[in-house]
Amino acid sequence: MKLLNSITSFGFGVVASMMLTSCASVEAPSPVGPLPSEHQVEWHKMEKYAFVHFGLNTFADKEWGYGDTPASELNPTNLDCEQWVRVAKEAGMQGFIITAKHHDGFCLWPTELTEYCIRNSPYKDGKGDIVGELQAACKKYGLKFGVYLSPWDRNAANYGTPEYLEYYHKQIEELTTRYGEIFEFWLDGANGGDGYYGGANETRTIDRRTYYNFPEVFAHILKNQPQAIIFSDGGPGCRWVGNENGIASATSWALLRGDEVYPGYPEYRTLQYGHTDGTHWIPAECDVSIRPGWFFHESENDKVKSVEKLVDLYYRSVGHNANFLLNFPVDRTGRIHPTDSANAVDAHKRVMAELADNILVGIEPEVSNTRGGKFGAKAISDDDYDTYWATDDNVTEASVTFTLPEVTKVNRMMLQEYIPLGQRVQEFLVEYRSGDEWMPITINEETTTIGYKRLLRFATVETDGLRVTIKSSRACPCINNIAAYYGGAESEIVFEDRADDFPSIEFTSTAEPDRFVLDLGDERTVNVLHYKPNTDGKGTITHYELYAGPSANNVQLITKGEFSNIKNNPIAQSVRFAPTKARVLVLKATRMVNEGDSVAAQRLGVEQF
């Protein structure tokens, strides 16, 4: 008996040894570049984080300050950065980015480089440091910390000169050496235009591609913060998604022709897709405000994005291989408004509830091909990010079939590629078993790329089988997760986005190439004009003059200004003016998004005083 046991033990050891040798001999797939850095992979895993816009614009009721609002206007009565961070954490966010300096040039930290900063505000008798207070709150609650530093500065007298670049680098040095580790450094693409500029009150034009010497800017940031992900239109860490709606395309490549794209890139709309022939790993980040504007406006208290809308944005950002950056416009007291915080937290709870129960976990699927070893099918459903199924090198089409223990409701799926080896999948198909047949699931968006994460929503099906077929891939697919869920009764409701709405009296309007003429029918006392542009930028007014009078031939100028950031964020904007008696209003364009366009709009509105 001892001999038999010894032989049996010996045999088992040989078999086990052979199996281990076999596993060890299976080589991992070769990487397919471009590849993400380790810091970029960790950034992907964050998925969503918060943005805050707070400053002089908050108190001046503006989106883009001109650079001349007095520092004395910054006077929050109950500012609480810990409240901001608690809201973000309850909303499932992993970090917080602060607009340390917006385009108006005002600095929320006590810099010694300019007098246009928090030192000269009433806040804490000039001894406050909102950047530092937020950084401390993030550290306390375990969130990562990031900063936004606008390259454009409408206050600086030397903007547009080499001297301003020295000033900008000194600001970078302060922010990257005073506030601990920075996970993301944000650079806006809005650069050059009219401004205060130390009292010059003029328009200054710079070459967006060359003036700042962005490679030098990037090198300076990374010298002090080597782990920082640098955001701009073209990265290098992550890229703007090409809109401020919070949405990435369903076809979403983390690849970009990095040497071609720069802050202010004119073909920005292509950024929502990425480049299939990209030379650098520069994934998309979807930035959007929870309100129509980025800064707080009391008039938008009833326009906070709903829970349903925020849930939809999560699926169309994180679920489209991008990260989600949600802005909170902090109010004049210095706190996130209760409606904003409640909706953000409830949206997170809704998403977590919909994706709570993965019905595929622990089920080993059947696959049409595997390279074997540790790259087998069970890696797809073992809930381990760093294990993945891969096919043989020459196999770029393959299927994964799950058989469920019973007929189950399904209306959500998640797919993930192992991105440390590159983004590969170009097209896939999802099917469910109905009796003896496989039926395609109607997704209502293209099933092309996967990347770090792809989330699919569809009408509920009842099935005992699911199949994912990779139809095309840049190299052998490497899939580390496939999950399926039934999100519950609420998840079956189809979300419908509604256009911005605003009140208006009745009027008739005619459009001439450079103006709208609005006839109110008879003399009215009015004080607000609303302008909602087309979303494609065609006919969009950026700067305007507004006239009023008894007839189209007899009007006087009553105000002029700009529709701030309307190119990137084409939302309804309002022109508010002193109550004026008029029958006719004339909205004249003095500058357009596309020079030479005739004026156009989705809708105009006028409010009676």
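Numbers for the structure displayed
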quantity	calculated
Gain on full stretching of the segment that runs from Glu202 to Glu366 - 0.36 nm per residue minus C-alpha separation	52.3 nm
Qualifying lysines (Cα of each under 29 Å from Cα of Lys378; at least 8 residues distant if same chain)	Lys45, Lys48, Lys409, Lys453, Lys471
Distance histogram in 10 Å bins (all Cα pairs of the range 119-260, percent per bin)	10, 33, 36, 18, 2, 0
Three semi-axes of the equivalent ellipsoid, the range 470-587, Cα gyration tensor, whole Å, largest first	47, 19, 12
1.4 Å probe accessible area per residue over the chain, in Å²	42 Å²
Per-pair calculated FRET efficiency, R0 = 25 Å: Arg178 and Asp80 via Cβ, rounded to 0.05	0.70
Between the range 233-260 and the range 423-449, the Cα center-to-center distance that results, in Å	25 Å
Inter-site label distance for Glu492 and Ser472 at 7 Å from Cα along Cβ, in nm	3.6 nm
Förster radius 25 Å - calculated FRET efficiency between Asp393 and Glu427 (Cβ-Cβ, nearest 0.05)	0.85
Size of the range 138-190 as Cα extents on the principal axes (Å, biggest first)	41, 21, 15
Full-extension gain in nm, Asn553 to Lys538, via 0.36 nm per residue minus C-alpha separation	2.6 nm
Per-residue [θ]222 nm for the chain (sum of -39500 (n - 2.57) over DSSP H runs n ≥ 4, rounded to 500)	-6000 deg cm²/dmol
Loop-located chymotrypsin sites (Phe, Trp or Tyr not before Pro) in the range 372-429 whose Cβ has at most 16 other Cβ within 10 Å (DSSP)	Tyr385
Radius 10 Å from Cβ of Asn321, net charge of other residues (Lys, Arg +1; Asp, Glu -1)	+1
Percentage relative contact order, the chain, counting C-alpha pairs under 8 Å, at least six apart	12 percent
DSSP bridge pairs, the chain: antiparallel proportion in percent, nearest 5	70 percent
Rough spin-label spacing in nm, given labels placed 7 Å along Cα→Cβ, for Lys581 and Glu462	7.1 nm
Estimated distance in nm for a label pair at Ser25 and Thr333, the labels positioned 7 Å out from Cα along Cα-to-Cβ	7.1 nm
Under 28 Å from the Cα of Lys124 - lysines, other chains or at least 8 residues apart	Lys62, Lys89, Lys101, Lys139, Lys140, Lys144, Lys170
Binned Cα-Cα distance frequencies in the chain - 20 Å width, integer %	18, 47, 27, 6, 1, 0
Whole-percent carbon and sulfur share, accessible surface of the chain, 1.4 Å	48 percent
Label point 7 Å beyond Cα of Glu437 along Cβ direction - residues of the range 450-491 with amide nitrogen under 17 Å	461-467
Low-density loop positions, GluC sites (Glu not before Pro), the range 222-275 - DSSP coil, at most 15 other Cβ in 10 Å	Glu260, Glu267
Rounded FRET efficiency, nearest 0.05, which uses the C-beta distance separating Arg269 from Asp383 and R0 of 41 Å	0.65
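The values are calculated or read from the model by the stated rules, or taken from the named source; none is laboratory data. If you're wondering where the values come from, they're calculated on a predicted model, not measured in any experiment. In this analysis, Cβ positions are derived from the backbone assuming ideal geometry, glycine residues included, and neighbour counts consider all displayed protein chains. With ligands, DNA and RNA removed, areas are computed over all heavy atoms of the protein, side chains included. Shrake-Rupley method; radii C 1.70, N 1.55, O 1.52, S 1.80 Å.
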